[in-house]
Amino acid sequence: MKLNINGISFSYNGVKALEGITFEVNEGEVVGVIGPNGSGKSTLLRCISMILKPKVGTVLIDGKNICEFDRKEIAKNFGVVPQESVIVFPFTVLDIVLMGRMPHLRSRFGKETLDDLEVVKNAMKVTSTQHLANRVINEISGGERQRVIIARALAQEPKVLLLDEPTLHLDINHQLEILELIRELAIKNNLAVVLVTHDLNLASRYCDKFMLLKLGKIYSVGLAEDVLTIDNIRDVYDIEVEISYNEKTESYNVIPICCAGKAAYTSTKKEIFSLIQSKTSTPPQALLEHAKRQSSR
Amino acid sequence: MRKSEHIIGRYGISDYGTEEKEKIDMDALFSKKYLRWFLTIFSLSIGLILTFILALAVGPVDIPKLTVFKILFHFPQSWPDTYEIIVLEVRLPRVILAGLVGAGLAVAGCAMQGLLRNPIASPYVLGLSSGAAFGAAVAIVLGFSFVKGSLAIPFMAFIFALIAIFLVYNIARIEGLVPTETLLLAGIAVGLFFSAMVAFLQYIAGEELHSLIIWLLGGFWASSWNKVYIALPLILLGIVGTLYYSRELNLMLLGEEHALNLGVNVESVKKSVLVFSTLTTAAAVSVSGIIGFVGIIVPHIMRIFVGPDHRILLPSSGLVGAIFLIWMDTLARTIIQPTELPVGVITAVLGAPFFLYLLRSRKRLMGW
């Protein structure tokens, strides 16, 4: 199984949002799409799942052009996990995951078959959401809800999983939990995964390949070593960073230092302190404490 | 927990400790849901049948319930001829119409609320009622209609209801897409336009004013078998057509992008649901005038009791809508005999406090 994106371009009312995006994802592979706000990450995901119809370019899955598929057929191939799912209606978790069977259902009025239920049970097992089955979707935590939405995507039995910042608004623990789950699913279920994220550190830890977007174009694509470089990040994000390698996680850590071009003013606490001192009479207690420690060092 | 392991094993198989949590029998949960649905529909159907018999028995002339039953099923005659005429010619078409209109408005209202993801949506929200009122007003005040006779008013109401929705849909359509917000706004605008026209016709109506106001209030006093024959196929078709899209409506409640990603052709579903609920509502309005409240409140009440799933919500709203409106109409025609109250007034006066009570106590279960 292979996902090919060939020269996709898209514009919103004449304003170019994507231009000539070409890349491929193999099964079991997680590709991280990174880039600043407005660089076209979410637009790219929407183009892949044909929610937006790209004006130029094709999306091929196993060599078949999905532009020719109807929505049902697309839903059988692509599972999508959106940024954040605000569901206000009191559906049970089991109902939500059963909705993932929609593209596979034959009868309009009948209930889901036992096979459908089996797929759903399995999806809930791998996402560890079984114990939530009879809970109501709007009364579980954000991390749990994101796992339920991933379970629903799996119930579609897709070949490709598209995730748009799935860890947004989650705490560090749940961020790891969700990304480990995705990593694991890619391998176990032979999924090709495209993951849009803002978190460079988590991306470098869980993705196999990276695509760095700038203003709708691919700026750099490849392995972490090639993409996550100080120069690339300065050019795309306009910030100075330090990059270190962590032996334990076997991944790169990107530490932002300051905005590029503003190097004269770095926002260390010391400098903020001096800034405050020059302006006001009583600086915050925490900063005084900090300055004391700095000077005693 | 064992989170520390996560840092070491990059590809480590994660284990979130399901064994510590209670196990849920998913099969039982699954089949219980469908059993619950079956029981709901079954008991509401029984309720509808009982309502039917009772409503036929009550009136200026009280007829024993058993006799009503016997008349309906053509038992050998053992009752005065007047009973038969009262039940079959006077009350039966009226009760059938009230049931049909109640069911139709409740289903259409429920579908519109789901489609537009808006709790204040009603079957009339897209300007349908104003369009129908304009059509009826033209027929009543100007005496103009495309057909002659007693069906002139229903026919004009039906046609202008369809015209209003057709206008709204095409105004809201931009490059093949119909955003629900635009649809709603276009509906309000077109509705206001037709309302203004109706107000103008009221102003110049003269002695026809009374009959126009009576029509606008809505009611079933002018029921006849002819109206039943017209409304029955249209409303049933509309209801069944709307039920056909129950699953799609569920997914659209989560948001259009969710629905698209789960394989729903959102735009075509919108169009179809709109067509079916318009058909239902237009038929209902044309035979009974503008009866408010049922189409907006019954779906909300049922959401509290059966949940947000349209597969159960739509049919149970339909049944409860029918039961509710038959009862309200029975009250309307018996409460201050020999005059009748407009049924719309009764539905609101009795229904609103009950709904407010539910809203205060069970808001959480409704979703919005």
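Every read-out reported here was derived from the displayed coordinates using simple, explicitly stated rules and does not represent laboratory data. This structure is a prediction, so every number in the text was calculated from the model and none was measured. No Cβ is skipped: glycine too gets one built from the backbone with ideal geometry, and neighbour counts run over all protein chains shown.
Annotation note: trypsin sites (Lys or Arg not before Pro) in segment B:22-106 located in DSSP loop regions with a Cβ neighbour count of at most 16 within 10 Å are B:Lys23. Between the exposed loop cleavage positions of chain A, defined as GluC sites (Glu not before Pro) in a non-H, G, I, E, B DSSP state with at most 13 neighbouring beta-carbon atoms within 10 angstrom, the longest gap is A:1-246.
Distances between placed amide hydrogens fall under 5 Å for A:Asn253 paired with A:Ser244, A:Tyr245, A:Asn246, all partners being 5 or more residues away or on another chain. Orientation-averaged projection of segment B:53-204 equals 12.7 nm² [convex hull of Cα atoms, one quarter of hull surface area]. Computed over segment B:235-368, the percent of Cα pairs more than 23 Å apart is 42. What is the log10 of I(q)/I(0) for segment A:17-83, computed with the Debye formula using one identical point scatterer on each Cα and no solvent, at q = 0.15 Å⁻¹? The Debye formula, applied to the Cα set alone, gives -0.50. Using the alpha carbons alone, the radius of gyration of the protein assembly as shown stands to its Kirkwood radius in an Rg to Rh ratio of 1.09. Electrostatic tally near B:Ser223: other residues with Cβ closer than 11 Å to its Cβ, Lys and Arg +1, Asp and Glu -1, net +2.
Under the simplified labelling scheme, the B:Ser43-A:Lys55 pair shows an inter-label distance of 5.9 nm, with each label point 7 Å from Cα along Cα→Cβ. Among the chymotrypsin sites (Phe, Trp or Tyr not before Pro) found in segment A:10-119, those both in a DSSP coil and sparsely packed, with 14 or fewer other Cβ atoms within 10 Å of their Cβ, are A:Phe109. Here B:Lys227 is the anchor, and the lysines within straight C-alpha reach of less than 22 Å, apart from those fewer than 8 places off in the same chain, are B:Lys148.
Per-residue shielding of A:152-161, expressed as the average number of other chain Cβ atoms within 10 Å of the residue Cβ, stands at 1. Considering amide H positions built from the backbone, and no H for Pro or chain starts, which residues 5 or more places from A:Tyr219, or on another chain, come under 5 Å of its amide H? When sequence neighbours closer than 5 places are left aside, the close amide H contacts are A:Leu212, A:Leu213, A:Lys214.
Ellipsoid semi-axes for segment A:89-169, based on the Cα gyration tensor and the rule √(5λ), read 20, 15, 11 Å when sorted largest first.
Its convex hull of Cα atoms gives chain A a direction-averaged projected area, equal to a quarter of the hull surface, of 20.4 nm². For chain A, the mean residue ellipticity at 222 nm estimated from helices alone is -10500 deg cm²/dmol, where every DSSP H run of n ≥ 4 contributes -39500 (n - 2.57) and the total is divided by all residues, rounded to the nearest 500.
Listed values for segment B:135-150 are Karplus-derived 3J(HN,Hα) couplings in whole Hz (6.51 cos²θ - 1.76 cosθ + 1.60, θ = phi - 60°), namely x, 5, 5, 4, 5, 6, 7, 8, x, 9, 7, 7, 10, 9, x, 5, and x replaces Gly and Pro. The GluC sites (Glu not before Pro) of segment B:113-209 that meet both conditions, a loop assignment by DSSP and at most 13 other Cβ atoms within 10 Å of the site Cβ, are B:Glu175. Express in nm, to one decimal, how much length is gained between B:Lys32 and B:Ile85 on full extension, taking 0.36 nm for each residue of separation and deducting their alpha carbon distance. Residue separation times 0.36 nm, minus the Cα-Cα distance, leaves 14.5 nm. Each listed q (0.06, 0.11 Å⁻¹) maps to a log10 I(q)/I(0) for chain B, found by the Debye formula over equal Cα scatterers with no solvent: -0.28, -0.80. Scoring A:36-45, B:244-253 by mean Cβ neighbours within 10 Å over their residues and listing the highest first yields B:244-253, A:36-45.
Reducing segment B:163-191 and segment A:26-84 to their Cα centroids gives an inter-centroid distance of 30 Å. The mean number of partner chain beta-carbon atoms within 10 angstrom of a residue's beta-carbon across peptide B:23-34 is 5.
Counting Cβ atoms of other protein chains within 10 Å of each Cβ in A:86-94 and taking the mean gives 6.
Between helix A:114-126 and chain A there is an angle of about 20 degrees, using the helix long axis and the longest principal axis of the Cα atoms.
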